[in-house]
Amino acid sequence: MNSALKNTIRAALACVALATMATPASADWLLTPYTGITFGKSADFGDVGDFEDNFEKRVTFGGTATWTGAGIFGFELDFGSTPNFFENTSGDANFHFGDSNVTTLMANMILAAPVGGQHGPGFRPYASGGIGLLRSNVTATGLFDGLTQNDLGFNVGGGAYGFFSDHFGLRGDVRYFRSFASGEDDGLDLLNLSDFSFWRGTLGVTFRFGG
């Protein structure tokens with residue numbers, strides 16, 4: 001991982017940590033393990049060419065730790081992992097890759113409206129977005145060399161929490177991920193985007209603490 005990427009991720013995580021150090025009494029911590037699918041994928045494999053929506057939907061899993069205050073603002077850390085990410089439906093044996101996975105770690109800002117308050121049953125729609133790590137790994141085959149790549153990327157999305165009690169609920173979430181391009185000297189180019197992107201839809205169980 002290059003130093004610019006490391007510093008950017010550290011800065012994002014530091015912002016989340018500093019924002020939550022002085023947690024007021026009315027704040028909530030929401031822990032959500034989830035599972036779902038990735039879809040709408042696009043990637044550029046050099047001489048092989050670009051792929052758009054040719055990859056199969058794959059099961060993904062992970063979790064989020066979210067802090068929300070008494071207002072609408074909050075922060076979250078989101079970790080996700082998708083085994084066998086690079087599978088395609090082209091039917092062409094030349095486009096079959098080895099075992100693969102994609103891991104994401106994102107630091108996000110969240111805007112959430114606690115409809116019905118922060119206690120007992122309630123509904124909380126939200127939007128979120130932020131930056132972090134997109135790590136791709138593909139094992140070597142007879143056609144492709146092995147690949148492990150750490151990219152800086154972003155995600156934007158939204159969903160809703162539905163709470164059944166003070167401490168238990170469900171969360172549905174849909175979001176878009178994309179990596180930033182590298183510059184001519186292999187540095188980050190935050191003004192341009194790469195061809196690697198995908199969507200993720202998840203459903204998770206949320207445990208609420210605080211209040």
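Things to note:
- Listed by position, the strands (runs of 3 or more DSSP E) enclosed by the range 1-116 that each have at least 3 residues that are under 18 Å from residue 179 (Cβ atoms), touching a Lys or Arg at 6+ places or on another chain (Cβ under 8 Å) and at pLDDT 80 or above are 100-112.
- Out of 170, 143, 191, 134, sole residue that is in a strand (DSSP E or B) and either touching a helix residue (DSSP H, G or I) at 6+ places or on another chain (Cβ under 6 Å) or modelled with pLDDT under 90 (or both): 191
- Qualifying residues in the range 199-211 (those that are at pLDDT below 95 and either crowded, with 18+ Cβ neighbours inside 10 Å or hydrophobic (A, V, I, L, M, F, W, C) (or both)) - the one farthest from the chain's Cα centre (by Cα): 209
- Only residues that are of a type in the set (Ser, Thr, Tyr) and touching a Leu at 6+ places or on another chain (Cβ under 8 Å) were counted across the range 152-180, and they come to 2.
- Residues located in the range 146-165, provided they are part of a loop (DSSP other than H, G, I, E, B) and modelled with pLDDT of 90 or more: 164, 165
The values are calculated or read from the model by the stated rules, or taken from the named source; none is laboratory data. Because the structure is a prediction, the values reported are computed rather than measured. Counting neighbours? That spans all protein chains shown, and the Cβs are built from the backbone with ideal geometry, glycine included.
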